[in-house]
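For reference, the structure is listed below as structure tokens.
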Amino acid sequence: MPLIRIETLIAAPAVVCFDLMRDAGLHTQSMKLSGERAVAGRMTGLFEAGDEVTWEARHFGIRQRLTSRITRCEPPHLFEDVMVRGAFTSFTHLHRFVEVTGGTDMTGGTDMIDEFDYVSPLGILGKLADALFLKRYMRNLLLNRARFLKTEAERRQAR
């Protein structure tokens, strides 16, 4: 069961970062490379606990659909979504937002922590895919989204 963990320091308050993470429209903007868009469930606004959304995107040249349910939403510190239907056997994506009060990199802001825990389909073939390319692909997807959110949060904070 691969676990991908990404930490991103953001010069903006946790409440700003938290709301950007759960914004359906901003999610679509951040995933332009794969053409990801909401096609069912909550398609606009801020995700709340209990919401479901079905995303459609193109990965590896194949159009795919994946439905996630928001299982935890504890503003402004924790947000969790779990796949209920899709290509993976399972996944849980935990987003944590920890206030930062100082340090050499910034004088305050948020440490955004993504933990993506997943099981690939197809048993041993899925494990081979993880080792060869899938874990790296998913990590890059999450890194790109984190960079997008960081840029957007800091842009809004600078206003």
Q: Identify, by number, the condition in (1) touching a Ser or Thr at 6+ places or on another chain (Cβ under 6 Å); (2) charged (D, E, K, R); (3) without any contact (Cβ under 8 Å) to a residue 12 or more places away in the chain that residue 37 doesn't meet.
A: (3)
Q.
Give me the residue from segment 116-138 that is open to solvent by 40 Å² or more (accessible area, probe 1.4 Å) and not hydrophobic (A, V, I, L, M, F, W, C) and, out of that set, farthest from residue 85 (Cα to Cα).
A. 136
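Per-residue answers, yes or no, for (1) at pLDDT 95 or above; (2) within 19 Å of residue 24 (Cα to Cα); (3) in contact with a Lys or Arg (Cβ under 7 Å, 6 or more places away or on another chain):
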position: 61; (1), (2), (3): no, no, no
position: 67; (1), (2), (3): yes, yes, yes
position: 71; (1), (2), (3): yes, yes, no
position: 84; (1), (2), (3): yes, yes, yes
position: 89; (1), (2), (3): yes, no, no
position: 106; (1), (2), (3): no, no, no
position: 112; (1), (2), (3): yes, yes, no
position: 123; (1), (2), (3): no, no, no
Q: Identify, from the list 65, 58, the residue that is open to solvent by 20 Å² or more (accessible area, probe 1.4 Å), of a type outside the set (Phe, Trp, Tyr) and touching a helix residue (DSSP H, G or I) at 6+ places or on another chain (Cβ under 8 Å).
A: 58
Q | Any strands (runs of 3 or more DSSP E) falling wholly within segment 1-96 and containing at least 1 residues that are acidic (Asp, Glu) | A | 3-10, 52-59, 62-74, 78-85
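The values are calculated or read from the model by the stated rules, or taken from the named source; none is laboratory data. Worth saying up front: this structure is predicted, and the values here are computed from it rather than measured. Every residue, glycine among them, receives a Cβ derived from its backbone with ideal geometry; neighbour counts consider all protein chains shown. Areas reflect the complete protein model, heavy atoms only, side chains present, ligands, DNA and RNA absent. Shrake-Rupley method; radii C 1.70, N 1.55, O 1.52, S 1.80 Å.
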